[in-house]
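Data first, discussion second: the structure below is written as structure tokens.
The values are calculated or read from the model by the stated rules, or taken from the named source; none is laboratory data. Owing to the predicted nature of the structure, the values given are computational and were not obtained by experimental measurement. FYI the Cβ positions are ideal-geometry reconstructions off the backbone, even for glycines, and counts take in every protein chain you see.
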Amino acid sequence: MCFKNLPIEFDATGRATLRGGIRDPYSLDVSKPDVAMNDAQREEQIRQLVAANGHIKDINMDPVTRVAGALALHITADMAGKGRYLDARSQATLFRGYEVILMGRDPRDAIFVSSRACGVCGGVHAHAAAYAIEMAMGLKPPPMGTVVRNMQEAAEMGYDNPLHLYLLAGPDYSEPVIKAVNPELWTKAETWKCPSERQHGFKTMAELMTALTPLTGQLYREGLEFTRLSREMFVTLAGKYPHPQTVVPGGVSSTLTLQTLNEYHSRLGKIFDYAQRMLGVWNDIPEFFYEADERYMQVGARPTNLIDPGYWDDPFAYDATYENCNSWGEKRWSTPGVVIDGQLVTTRLTDLNIGLEEFVEHSYYEQWAGDRYATDPIGNPISPYHPWNKQTLPKPGEKSWKDKYSWATAPRWDRKVVEAGAYARMYMTAMAQKLPTNDFIEATGHSLRMGIPKGITQETEVEWHVPPVLNAFERNRGRAHHYVFSQLVGLANLLEAYRLFKTGETQVAAVPPDKLDDYMGKDERVSVGWWGAGRGWLTHHMVMDQAKIVNYQILTPSTFNASPRDPWDQPGPYEEAVMNTPIIEDVSDPSKFTSIDMLRAIRSFDPCMPCTTHTSTGEGTVVREVNTCSCGAD
């Protein structure tokens with residue numbers, strides 16, 4: 001039984017039903033999660049600490065720059081003794097409105113409109129929309145169409161992962177930042193010998209940190225170069241990036257030749273040497289920090305509760321139907337699933353879907369009626385708070401921590417707080433052991449073994465292990481291993497594309513563009529595009545009627561991670577990670593407090609919400625840059 005809070009049970013065939021004898025099974029007062037501390041108790045704790053020592057400070061992070069969104073945080077910190085964060089509120093400060101824009105449009109427009117929801121990951125939304133549309137239309141892509149999609153999205157991960165590790169998160173571990181905010185670490189770094197010197201070439205951690213320096217550091221500049229290389233791989237197949245226009249319902253519209261595949265291959269071949277270097281860097285950084293102070297293991301830590309819909313389809317299993325989604329879903333290169341308290345509880349896409357709810361008690365939206373659908377297309381029960389029942393009803397208002405304070409909703413699965421991330425794919429795939437037969441990746445139940453092909457460096461095997469704690473450093477380490485994982489998926493699909501070419505199976509779309517109208521229909525249809533992004537989970541839930549979109553709901557990884565409180569006062573993942581982060585830096589002078597480890601915790605999620613922060617410590621306002629550069633500590 002994978003559900004603990006929602007009253008859902010399964011019969012012998014695996015079909016879900018609501019448990020009998022419950023008058024209102026989805027009531028917020030009936031199906032409640034266990035909550036260790038509610039907001040009233042948390043406020044009382046803070047009040048007592050204020051009365052006892054007076055060292056409680058508010059930290060307000062208020063954005064002024066925007067790149068694919070905006071994030072603000074309000075944190076209450078106890079600056080006495082070792083220091084700790086007592087409370088945190090994550091605030092998405094920008095309303096985007098793409099779901100509203102899509103209302104009443106031709107479903108095919110969703111590919112192009114929703115693609116603009118993010119300029120960083122400009123291909124994943126186009127693909128997710130195509131999956132939702134072809135499910136509604138009943139269009140099964142030919143094998144080559146699915147293979148090309150897989151190759152495109154492997155290339156997009158090849159762009160996204162170095163972008164995060166070297167341009168967004170990496171500066172937090174660079175020489176200028178370490179010298180300014182953790183000077184004691186710099187002294188240690190100068191003599192600390194890197195265990196992975198053979199992979200990355202740096203003798204000491206100080207040399208590695210210098211290479212992470214924005215704009216001038218070797219690793220920073222290499223990261224920029226390899227994001228370009230992967231974008232070229234995507235463009236080779238799709239024509240342009242971001243916002244490709246060759247992703248269509250039923251496949252792709254690209255003209256594919258052997259030259260196209262060879263150009264993709266020539267660029268992919270350069271990545272694997274670089275991937276070994278990346279692994280060495282992000283294996284050494286956690287070990288250095290853990291050795292310096294064991295409290296770093298708690299930076300950004302939270303329970304291992306993860307969710308992911310899987311990624312990269314089996315070209316011969318995927319048929320675009322909801323009825324068969326559990327079968328084709330479990331054949332994905334990245335297995336769908338939910339991990340709760342470190343245990344894999346399901347790999348079925350229908351379970352992921354029926355356990356999904358969104359709440360807006362602390363969001364700038366009105367509550368919707370939620371009575372349109374009681375079940376999914378095969379009869380499984382769904383909640384009034386499910387995306388198919390949700391309506392986007394924006395209601396701007398004053399910010400109130402006790403009421404509404406964010407434009408993000410609060411997605412929950414089985415009414416539990418779950419986290420999305422590229423590393424979540426590693427957990428699901430390793431633990432489920434359902435990988436397609438291949439020559440490169442092996443799942444052991446507790447790890448992923450990956451064979452990196454020979455390049456300039458020798459062929460080698462690397463292994464990612466499920467970590468004992470999920471924290472900021474393990475998110476970054478997992479993302480580095482995900483880079484290898486995704487590129488090996490790209491290689492396996494490239495070899496499949498060569499094989500299909502050899503056998504003459506070169507069709508890339510189910511039907512010609514002028515035949516798509518025949519599949520639109522006038523009846524009401526529901527569908528979902530289960531896909532992924534560089535930050536993890538991505539779904540597009542769609543309802544169409546009379547060949548028009550009547551409801552469209554986009555659920556992104558940052559919606560999960562940046563979510564505010566839910567109806568039971570459960571903090572979202574950012575909020576929870578911050579509250580679990582110890583204050584390790586010197587806080588004897590509040591005016592010099594940088595909250596660096598809180599920023600490391602937030603950035604480890606790879607939020608597409610960079611911002612400039614104004615940190616109020618009670619001793620004036622300290623301004624700190626936390627955008628994509630962070631070239632210095634001041």
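Right, Tyr322: of a type outside the set (D, E, K, R), part of a loop (DSSP other than H, G, I, E, B) and crowded, with 21+ Cβ neighbours inside 10 Å or not? Steps first, please.
Working: of a type outside the set (D, E, K, R): yes; part of a loop (DSSP other than H, G, I, E, B): yes; crowded, with 21+ Cβ neighbours inside 10 Å: no.
In short, no.
Which of the residues spanning region 140-151 are in contact with a helix residue (DSSP H, G or I) (Cβ under 6 Å, 6 or more places away or on another chain) and in a loop (DSSP other than H, G, I, E, B)?
Scanning region 140-151 gives no hits.
Given the options Glu366, Glu357, name the one that is surrounded by 17 or more Cβ atoms within 10 Å (Cβ to Cβ) and acidic (Asp, Glu).
Working: Glu366 fails: surrounded by 17 or more Cβ atoms within 10 Å (Cβ to Cβ).
Matching residue, one of Glu366, Glu357: Glu357.
Can you tell me which residue is farthest from Pro171 (Cα to Cα) among those in region 266-285 that are surrounded by fewer than 19 Cβ atoms within 10 Å (Cβ to Cβ) and not charged (D, E, K, R)?
Going through the qualifying residues, I end up with Ser266.
Being in contact with a helix residue (DSSP H, G or I) (Cβ under 9 Å, 6 or more places away or on another chain) and of a type outside the set (A, V, I, L, M) is the filter here, so list the residues in region 415-433 that pass it. It would help to see each step written out before you state the result.
Residues of region 415-433 in contact with a helix residue (DSSP H, G or I) (Cβ under 9 Å, 6 or more places away or on another chain): 417-427, 429.
Result: Glu419, Gly421, Tyr423, Arg425, Tyr427, Thr429.
Six or more apart or on different chains, Cβ under 7 Å: which pairs go from a residue in region 102-127 that's at positive phi to one that's surrounded by fewer than 24 Cβ atoms within 10 Å (Cβ to Cβ) and of a type outside the set (Val, Ile, Thr)? Could you list them?
Gly104/Lys548
Can you tell which of Leu208, Leu229, Leu219 is surrounded by fewer than 19 Cβ atoms within 10 Å (Cβ to Cβ), modelled with pLDDT of 95 or more and among the hydrophobic types (A, V, I, L, M, F, W, C)?
Leu229
Can you find, within region 299-319, the residue that is surrounded by the fewest Cβ atoms within 10 Å (Cβ to Cβ) among those that are β-branched (Val, Ile, Thr) and more than 23 Å from Ala155 (Cα to Cα)? Steps first, please.
The first filter runs over region 299-319 and keeps only residues β-branched (Val, Ile, Thr), leaving 299, 304, 307.
From the residues that got through so far, the ones that are more than 23 Å from Ala155 (Cα to Cα) too are 299, 304.
On the way: Val299: 23, Thr304: 19.
If we take residues in region 299-319 being β-branched (Val, Ile, Thr) and more than 23 Å from Ala155 (Cα to Cα), then Thr304 is surrounded by the fewest Cβ atoms within 10 Å (Cβ to Cβ).
Go over the candidates Asn389, Asn380 one by one and state the one that is farther than 15 Å from Val418 by Cβ, touching a Gly at 6+ places or on another chain (Cβ under 9 Å), at pLDDT 95 or above and buried (at least 17 other Cβ atoms within 10 Å of the Cβ).
Only one candidate qualifies: Asn389.
Give the residue that is farthest from Ala275 (Cα to Cα), with candidates limited to residues of region 441-472 that are in contact with a strand residue (DSSP E or B) (Cβ under 7 Å, 6 or more places away or on another chain) and polar (S, T, N, Q).
Per the stated criteria, the residue is Ser447.
Condition first: within 15 Å of Thr346 (Cα to Cα), within 15 Å of the chain's Cα centre (by Cα) and among the small types (Gly, Ala, Ser). Now tell me which residues in region 419-438 satisfy that.
Ala424
Can you pull out the residues in region 454-505 that are in contact with an Asp or Glu (Cβ under 7 Å, 6 or more places away or on another chain) and at pLDDT below 95?
Gly455, Ile456, Thr457
Spot the failing condition for Thr93; the list is (1) modelled with pLDDT of 75 or more; (2) surrounded by fewer than 14 Cβ atoms within 10 Å (Cβ to Cβ); (3) hydroxyl-bearing (Ser, Thr, Tyr); (4) in contact with a strand residue (DSSP E or B) (Cβ under 7 Å, 6 or more places away or on another chain), and only one is missed.
With respect to (1) modelled with pLDDT of 75 or more; (2) surrounded by fewer than 14 Cβ atoms within 10 Å (Cβ to Cβ); (3) hydroxyl-bearing (Ser, Thr, Tyr); (4) in contact with a strand residue (DSSP E or B) (Cβ under 7 Å, 6 or more places away or on another chain), Thr93 is out only on (2).
Can we say Ala180 is closer than 20 Å to Gly217 by Cα, small (Gly, Ala, Ser) and either part of a helix (DSSP H, G or I) or under 27 Å from the mean Cα position of the chain (by Cα) (or both)?
yes
Answer with yes or no whether His482 is of a type outside the set (Gly, Ala, Ser), under 29 Å from Asn561 (Cα atoms) and in contact with a Ser or Thr (Cβ under 8 Å, 6 or more places away or on another chain).
When the stated conditions are applied, His482 does not pass them.
When you look at Ala562, is it more than 27 Å from Arg149 (Cβ to Cβ), modelled with pLDDT under 95 and under 20 Å from the mean Cα position of the chain (by Cα), yes or no?
Criteria met by Ala562.
Per-residue answers, yes or no, for (1) in a strand (DSSP E or B); (2) of a type in the set (Asp, Glu):
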| position | (1), (2) |
| --- | --- |
| Glu9 | yes, yes |
| Asp24 | no, yes |
| Val35 | no, no |
| Gln41 | no, no |
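Given the criteria farther than 25 Å from Thr13 by Cβ and buried (at least 19 other Cβ atoms within 10 Å of the Cβ), does Tyr290 qualify?
In short, no.
Could you tell me which of the residues Pro195, Pro183 is surrounded by fewer than 23 Cβ atoms within 10 Å (Cβ to Cβ) and either among the basic types (Lys, Arg) or over 28 Å from Asp586 (Cβ atoms) (or both)?
Answer to the check: Pro195.
Please work out which one of (1) of a type outside the set (Phe, Trp, Tyr); (2) outside any loop (DSSP other than H, G, I, E, B); (3) under 19 Å from Ala169 (Cβ atoms) is the condition Pro214 fails and give its number.
Just one mismatch for Pro214, condition (2).
Can you find a residue that is in contact with a Ser or Thr (Cβ under 7 Å, 6 or more places away or on another chain) and of a type in the set (A, V, I, L, M) anywhere in region 415-428?
Checking region 415-428: at least one residue is in contact with a Ser or Thr (Cβ under 7 Å, 6 or more places away or on another chain) and of a type in the set (A, V, I, L, M).
Can you name every residue in region 253-273 that is touching a residue at least 60 places away in the same chain (Cβ under 8 Å) and assigned to a helix (DSSP H, G or I)?
Result: Leu258, Leu261, Tyr264, His265, Leu268, Gly269, Lys270, Ile271, Phe272, Asp273.
What pairs can you find where one residue is in region 473-490 and in contact (Cβ under 8 Å) with a residue 60 or more places away in the chain and surrounded by fewer than 24 Cβ atoms within 10 Å (Cβ to Cβ), the other is outside any helix (DSSP H, G or I) and not aliphatic (A, V, I, L, M), and their Cβ atoms are less than 6 Å apart, with a gap of 6+ or different chains?
Glu474/Pro467
Consider Val462 against the criteria (1) outside any loop (DSSP other than H, G, I, E, B); (2) over 25 Å from Met233 (Cβ atoms): it satisfies all of them except one. Which criterion is unmet?
Only one criterion is unmet by Val462, namely (2).
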